[in-house]
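Here is the structure we will look at.
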Amino acid sequence: MTDANKTMDAIVHKYEDIPVQKFGEGIDLRRIEMETFAQTWIEMKEGHSSPLHRHEDEQTVVLISGKLRARSGAKGEETYTEMKPGDILSVPSNVIHQVEAMEDSVFCEAFGPGPHLDGGIQSVYMRKQRRAEEQAKAAQESDDK
């Protein structure tokens, strides 16, 4: 069998072997990315929340333990829904949303069909940060001339 004809085996990713990524204070992520989607295990401490954001990929959030408040929609048009374990939040492409931990919570989220996570999430803070970096780079390039 040639390399082109080999099939890949299923892989079990052990919790303790998946690197923790800090997503701000009080939010730990463990993410596995494949070709067409990403799966993330998130532990969020009470009182913490994701930034208000949107992204190209569709997303689902399954609450495993704790309690979340899900927000959807732009300012002035937002809706809030409390989530209990077993509830699933589905987020279409480019819909503004956020989750907040009402108590220590654990949830899994899946993104697809991307994943377009590198540079794909758009929050006000991230856009301002990216704009400031671009302006600083342009100013440095101007100074170098």
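The values are calculated or read from the model by the stated rules, or taken from the named source; none is laboratory data. Note that the coordinates shown come from a computational prediction; the quantities given were computed from them, not determined experimentally. Counting neighbours? That spans all protein chains shown, and the Cβs are built from the backbone with ideal geometry, glycine included.
Tabulated values for the structure
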{"quantity": "Condition met for ALA101 (at pLDDT 95 or above and part of a strand (DSSP E or B))", "calculated": "yes"}
{"quantity": "Pick from the range 68-86, criterion of a type outside the set (Gly, Ala, Ser) and part of a strand (DSSP E or B), ranking: surrounded by the fewest Cβ atoms within 10 Å (Cβ to Cβ)", "calculated": "THR79"}
{"quantity": "Matching residues, the range 87-98, being in a loop (DSSP other than H, G, I, E, B) and not hydroxyl-bearing (Ser, Thr, Tyr)", "calculated": "ASP87, PRO92, ASN94, VAL95, ILE96"}
{"quantity": "Pairs, first in a strand (DSSP E or B) and at pLDDT 90 or above in the range 19-44, second loosely packed, with under 13 Cβ neighbours inside 10 Å and of a type in the set (D, E, K, R), C-beta under 9 Å, six or more apart", "calculated": "ASP28/LYS22; LEU29/LYS22"}
{"quantity": "Answer from GLU56, GLU134, GLU77 - the residue that is under 25 Å from HIS13 (Cβ atoms), over 11 Å from the mean Cα position of the chain (by Cα) and at pLDDT below 95", "calculated": "GLU56"}
{"quantity": "Matching residues, the range 30-51, being in contact with a strand residue (DSSP E or B) (Cβ under 6 Å, 6 or more places away or on another chain), surrounded by fewer than 16 Cβ atoms within 10 Å (Cβ to Cβ) and farther than 25 Å from ILE11 by Cα", "calculated": "LYS45, GLU46, PRO51"}
{"quantity": "Residue in the range 6-13 that is in contact (Cβ under 8 Å) with a residue 12 or more places away in the chain and out of contact with any Leu (no Cβ under 6 Å at 6 or more places or on another chain) present", "calculated": "yes"}
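Residue-wise test of (1) surrounded by fewer than 17 Cβ atoms within 10 Å (Cβ to Cβ); (2) among the aromatic types (Phe, Trp, Tyr); (3) under 23 Å from ALA10 (Cβ atoms).
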site: ASP28; (1), (2), (3): yes, no, no
site: VAL62; (1), (2), (3): yes, no, yes
site: GLY66; (1), (2), (3): no, no, no
site: ILE88; (1), (2), (3): yes, no, no
site: PRO113; (1), (2), (3): yes, no, yes
